[in-house]
Protein chains: 2
Amino acid sequence: MGYRILETDDIPAYLSERGHWEDLDDIAVREVSDGNMNRVFLASSADGTRSLAVKQALPWVRVAGPSWPMNPNRADAEARAYEQIAKVAPDEIPAVHGYDSENYTLVMEDMSDLEVLRTLLNEGASYGPHTSARIGELVARLSFATSDFGMPSAERKALIAASVSPELCKITEDVVLSEPYLEHEHNHWHEGVADLAVSFRADAELRTEVAELRHLFMTGAQSLLHGDLHTGSVMVGTRDGAPVVRVFDPEFSFVGPIGFDLGLYWANALVSEERARALGGLTDHADQLRLSWEAFETEFRRLWPARVDTFFDDAYLDRFLRKVWTESLGYAGTEVIRRIIGFAHLTDLTTLEDPVGASRRALLIGRELIVRRRELTDVESVRAVVRVT
Amino acid sequence: MGYRILETDDIPAYLSERGHWEDLDDIAVREVSDGNMNRVFLASSADGTRSLAVKQALPWVRVAGPSWPMNPNRADAEARAYEQIAKVAPDEIPAVHGYDSENYTLVMEDMSDLEVLRTLLNEGASYGPHTSARIGELVARLSFATSDFGMPSAERKALIAASVSPELCKITEDVVLSEPYLEHEHNHWHEGVADLAVSFRADAELRTEVAELRHLFMTGAQSLLHGDLHTGSVMVGTRDGAPVVRVFDPEFSFVGPIGFDLGLYWANALVSEERARALGGLTDHADQLRLSWEAFETEFRRLWPARVDTFFDDAYLDRFLRKVWTESLGYAGTEVIRRIIGFAHLTDLTTLEDPVGASRRALLIGRELIVRRRELTDVESVRAVVRVT
């Protein structure tokens with residue numbers, strides 16, 4: 001039996017076959033597909049005590065249809081990433097009950113009681129004290145565990161080989177790390193930032209720096225990444241009175257530069273800040289880069305004594321963390337820019353009645369983060385960029 | 001039929017079975033194993049008009065025997081490297097007539113009319129005008145073709161996955177890039193450099209820089225490398241009046257930092273220079289780093305317009321080549337040091353009646369190349385280090 005595309009009506013039998021659901025008289029299924037790429041179904045019992053999510057990768061981009069084919073084996077990357085994260089941060093991802101590699105289908109925890117972080121932020125919520133710290137900690141644990149510090153050399157090489165992800169990496173290489181700086185049909189922008197789009201395309205300094213970040217993305221096999229760690233890949237909420245943070249959708253996972261994960265999160269935090277500023281609703285937005293970095297650094301340093309390769313000493317750790325910091329700033333800049341003048345924009349800005357001011361500020365901050373990343377050696381210097389922009 | 005270890009008497013039937021030799025009444029075989037790792041046989045016809053080399057990887061290190069097991073699949077890496085190099089520099093490697101992955105055996109051109117470069121140098125020969133330039137050109141062609149500049153992104157990812165080489169990389173990570181800076185049973189040295197061995201082990205600055213080079217070796221998936229490009233991996237000679245240069249033994253091949261190949265060659269050139277200086281026979285030794293670098297840079301720039309990814313512009317090329325230069329100097333330093341106070345020493349020095357002066361100079365030069373590599377921005381500044389040491 002080969003790959004088959006699951007429809008809503010197929011889910012009960014599918015879950016039963018796979019051993020995830022016994023009572024087929026008590027199951028209701030609805031499709032809740034939301035992201036660009038995949039289909040998601042929720043199955044639940046009538047009394048709501050039992051529920052599961054079923055996520056299937058289609059052989060195309062869901063929102064585009066069969067005219068944009070995409071290998072469904074991206075679900076392998078997602079399952080592999082969940083497997084690695086589960087070893088070190090099981091509470092920060094949905095519980096995975098099973099992966100069916102034949103049908104590229106994950107059966108997972110139902111998170112419909114939680115909310116997507118971006119959605120909450122767009123509705124005016126603050127981040128709260130936990131979210132960014134949990135993200136930073138997750139990145140530290142995943143990146144340490146899958147680096148040459150946390151994983152024996154031979155196991156690492158096997159992980160690198162198993163985790164290559166040509167098709168999805170190519171999307172990032174193109175959509176994030178080159179197209180916004182070129183004439184490309186994917187690009188579009190609000191007319192109020194057209195002058196900046198033109199000037200960025202003509203900006204030789206910016207392009208060389210982006211080229212360096214792009215080449216590092218292609219060659220810097222530091223750690224397994226989430227690969228798409230924006231605020232739409234984070235769910236938050238409360239269960240039994242305790243804050244819950246769940247990172248999901250790691251289908252862009254591969255072994256790359258750690259700064260790419262931190263940078264994407266920072267970029268989205270910075271854009272959320274500009275939205276809040278534009279609406280006069282700024283709360284704790286300005287503090288999220290610091291909170292996530294400090295949690296990342298603290299956790300990475302906490303794990304360091306357990307490294308498997310002690311040739312890397314404390315002095316090298318300091319140097320390595322500085323490098324991750326600098327690279328994170330660069331990737332943050334590229335993510336900000338591509339989200340405003342590239343292919344896929346952020347609702348943080350597009351839903352503003354007048355997005356121009358916030359978009360312009362974000363673009364200029366993004367450029368500074370890229371071209372001045374080596375001078376911006378601490379959180380305060382980044383905040384200074386935001387202040388003077 | 002599984003893997004079988006070939007003995008001299010097996011070679012005629014083996015070559016016949018594999019379709020490399022027809023007349024079994026006219027074949028003579030002798031074993032000529034020379035390197036540390038593998039067995040090599042030469043088969044030839046009585047009149048000498050036909051000859052082949054047969055190289056087999058054993059499931060252990062040849063010179064150590066079964067007590068040091070080593071996966072014979074290192075021959076896969078060698079065959080893969082030859083296959084890639086053959087596409088871009090077929091004249092700089094032996095012709096490969098076939099690879100038998102079941103028996104980890106390569107059937108190749110007989111190069112017994114050529115000489116190992118190190119052997120010639122040790123006997124007092126000069127490099128001559130061709131050798132280092134051909135090496136630089138080969139590294140440029142191989143590294144360009146297998147970089148993200150010369151190879152489409154998806155093909156590159158497949159190459160990275162296919163080329164991981166945990167066991168042999170680990171040898172380099174240990175023997176070249178950490179043990180010489182630690183107390184380790186592998187290490188040994190001439191008593192005349194014992195003070196330097198002690199001081200290098202206590203040298204925090206040196207260790208941090210080596211750690212950075214080591215981490216780059218483990219994570220910097222820039223291009224397919226030869227992986228062991230010292231003067232013992234190069235054969236030279238003359239055929240039909242023309243100079244011949246053949247690089248061989250690429251079993252340490254993997255996708256890593258380009259500077260590792262250049263650096264190994266430079267280190268061996270620098271050590272050969274110290275030998276020649278000690279013997280008062282200095283000829284063109286001092287010019288080999290320049291010749292190989294200039295040939296590398298010229299060829300890389302010549303290939304650049306044919307890059308598959310034009311987002312990388314000329315300004316990025318300049319930056320990338322500077323980075324390769326700097327990294328090459330660092331790796332050159334590590335190779336010099338490990339060859340004097342590490343596990344495997346160089347006959348260039350060990351065959352000197354009094355190796356102390358040359359060894360001390362080489363060690364000090366090696367350290368400078370590592371810790372000052374970012375300041376040594378051109379060939380002249382490297383020569384200045386050699387002069388003042």
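Any idea which of A:Ala286, A:Val271, A:Ile340 is furthest toward the positive side of the dipole for the range A:263-344, if Lys and Arg beta-carbons carry +1 and Asp and Glu beta-carbons -1?
The one lying farthest along the dipole's positive direction is A:Ile340.
Treating only the Cα positions of chain B as identical point scatterers, give the base-10 log of I(q)/I(0) from the Debye formula at each q in 0.10 Å⁻¹.
Here the Debye-derived log intensity ratios amount to -0.65.
Pick out, in residue order, every one of the GluC sites (Glu not before Pro) in the range A:356-389 that is DSSP loop and has at most 13 other C-beta atoms within 10 Å; say none if there are none. Don't skip to the answer; put the middle values down first.
On the way: sites: A:Glu368, A:Glu375, A:Glu380; in loops: A:Glu375.
Counting only loop positions with at most 13 other Cβ atoms within 10 Å, the GluC sites (Glu not before Pro) in the range A:356-389 are A:Glu375.
For B:Asp25, go 7 angstrom from Cα along the Cα-to-Cβ vector, then report the distances to that same point in the other copies in nm, smallest first.
8.8
If one takes the longest principal axis of the Cα atoms in chain A, at what angle in degrees, from 0 to 90 and to the nearest 10, does the Cα axis of helix A:314-341 lie?
On a 0 to 90 degree scale, this one is about 80.
From the label point of B:Glu167, set 7 Å along Cα to the beta carbon, how far off in nm is each other copy's matching point, shortest first?
When each copy's label point is compared with this one, the spacings are 3.4 nm.
What is the magnitude of the charge dipole of the range B:285-352 about its Cα centre, with +1 placed on the Cβ of each Lys and Arg, -1 on the Cβ of each Asp and Glu, and no other charges, expressed in debye to the nearest 20? Write out the running numbers ahead of the final one.
On the way: 9 positive and 11 negative charges, 32 e Å.
Dipole of the range B:285-352, to the nearest 20 debye: 160 debye.
If you average the C-alpha positions of the range B:251-277 and of the range A:256-311 separately, how far apart do those two centres end up, in angstrom?
One Cα centre to the other: 40 Å.
Counting every Cα pair in the range A:43-125, what percent are over 17 Å apart?
Values: 2057 of 3403 pairs.
Of the Cα pairs, 60 percent sit more than 17 Å apart.
Report the one residue of A:Pro129, A:Val236, A:Val371 whose Cα lies farthest in the direction of the positive end of the charge dipole of the range A:115-388 (charges on C-beta: Lys and Arg +1, Asp and Glu -1; origin at the Cα centre).
A:Pro129
Counting only other chains, what is the mean number of Cβ atoms within 10 angstrom of the Cβ of each residue in peptide A:153-160?
Details: counts 7, 6, 1, 5, 10, 3, 1, 8.
Averaged over the peptide's residues, the number is 5.
Note the angle between two axes, namely the Cα long axis of helix B:379-388 and the longest principal axis of the Cα atoms of chain B, as a number of degrees from 0 to 90, rounded to the nearest 10.
The answer is roughly 70 degrees.
Let me know the mean shielding of A:306-312 by other chains, meaning the per-residue number of their Cβ atoms within 10 Å of its Cβ. List each step's numbers first, then the result.
Values: counts 0, 0, 0, 6, 2, 12, 8.
Whole-number average of other-chain Cβ neighbours for A:306-312 is 4.
Using a 10 Å cut-off around each Cβ of peptide B:204-211, what is the average number of partner chain Cβ atoms that fall inside? Show your work: numbers first, answer last.
On the way: counts 3, 1, 0, 5, 8, 3, 2, 9.
Partner Cβ neighbours, averaged per residue: 4.
Using only alpha carbon pairs under 8 Å that are at least six residues apart, calculate the relative contact order of chain B and give it in whole percent.
Values: 667 pairs, mean separation 68.5, N = 389.
In percent, rounded to a whole number, it is 18.
Using the charge dipole of the range A:173-288 (Lys, Arg: +1 at Cβ; Asp, Glu: -1 at Cβ; taken about the Cα centre), state which of A:Val210, A:Val255, A:Leu196 has its Cα farthest towards the positive end.
After comparing all options, I get A:Val255.
Indicate the gyration tensor shape class of the range A:117-188 (rounded, prolate or oblate), computed on the Cα atoms with a ≥ b ≥ c the square roots of the eigenvalues: a/c under 1.5 is rounded; otherwise a/b larger than b/c is prolate and the rest oblate. List each step's numbers first, then the result.
Numbers: a/c = 3.41, a/b = 1.11, b/c = 3.07.
Since a/c reaches 1.5 but b/c is at least a/b, the shape of the range A:117-188 is classed as oblate.
Would you mind estimating how fast the protein assembly as shown diffuses translationally, via Stokes-Einstein at 4 °C and 1.567 mPa s with the Kirkwood radius over Cα pairs, in µm²/s? Provide the component values of the computation, followed by the final result.
Working: Rh = 28.5 Å.
Rounded to a whole number, D works out at 45 µm²/s.
Can you sort B:Val210, B:Val164 from fewest to most other Cβ atoms within 10 Å of each residue's own Cβ?
Numbers: B:Val210 27, B:Val164 21.
Least to most surrounded, the residues fall as B:Val164, B:Val210.
Using the per-residue mean of other Cβ atoms lying within 10 Å as a proxy for protection, in what order, highest first, do the peptides B:145-157, B:194-206 fall?
On the way: B:145-157: 20.7, B:194-206: 14.5.
Answer by packing, highest mean first, reads B:145-157, B:194-206.
Percent relative contact order of the range B:28-109, based on C-alpha pairs within less than 8 angstrom and at least six residues apart? Don't skip to the end; give the middle numbers.
Values: 140 pairs, mean separation 20.0, N = 82.
Once divided by the residue count of the range B:28-109, the mean separation gives 24 percent.
Using just the helices of chain B, give the 222 nm mean residue ellipticity in deg cm²/dmol: DSSP H runs with n ≥ 4 each add -39,500 (n - 2.57), and the total is spread over all residues, rounded to 500.
On the way: 14 runs with 179 residues, N = 389.
Value at 222 nm, helices only, nearest 500: -14500 deg cm²/dmol.
Can you give me the C-alpha center-to-center distance between the range B:160-221 and the range B:39-110, rounded to a whole angstrom?
28
Can you list the distances in nanometres, one decimal and ascending, from the B:Glu7 label point to the identical position in each other copy, with the point 7 Å along Cα to Cβ?
The answer, with the shortest distance listed first, is 6.9 nm.
Which one of A:Thr131, A:Thr350, A:Thr231 has the biggest mean-square fluctuation once chain A is modelled by GNM with Cα springs under 10 Å?
A:Thr350
Taking the Cα centre of chain A as origin, work out the dipole magnitude from +1 charges on Lys and Arg Cβ and -1 charges on Asp and Glu Cβ, in debye rounded to 20. Provide the component values of the computation, followed by the final result.
Details: 40 positive and 63 negative charges, 239 e Å.
In debye, rounded to 20, chain A gives about 1160.
If I fit a long axis through the Cα atoms of helix A:131-145 and take the longest principal axis of the Cα atoms of chain A, what angle between them do I get, 0 to 90°, rounded to 10?
That works out to roughly 80 degrees.
Under a Cβ-only charge scheme (Lys and Arg +1, Asp and Glu -1), can you give me the dipole magnitude of the protein assembly as shown about the Cα centre, in debye to the nearest 20? Don't skip to the answer; put the middle values down first.
Details: 80 positive and 126 negative charges, 368 e Å.
Computed about the Cα centre, the dipole is about 1760 debye.
Could you tell me how many cubic angstrom of Cα convex hull volume the range B:200-316 has per residue? Can you show the working numbers first?
Details: hull volume 20.8 nm³, N = 117.
About 178 Å³ per residue, rounded to a whole number.
All of the numbers you see were taken from the coordinates with simple rules; none came from a lab. This is a predicted model, so every value here is computed, not measured. Every residue, glycine as well, gets a Cβ built from its backbone with ideal geometry; the counts of neighbours run over all protein chains shown.
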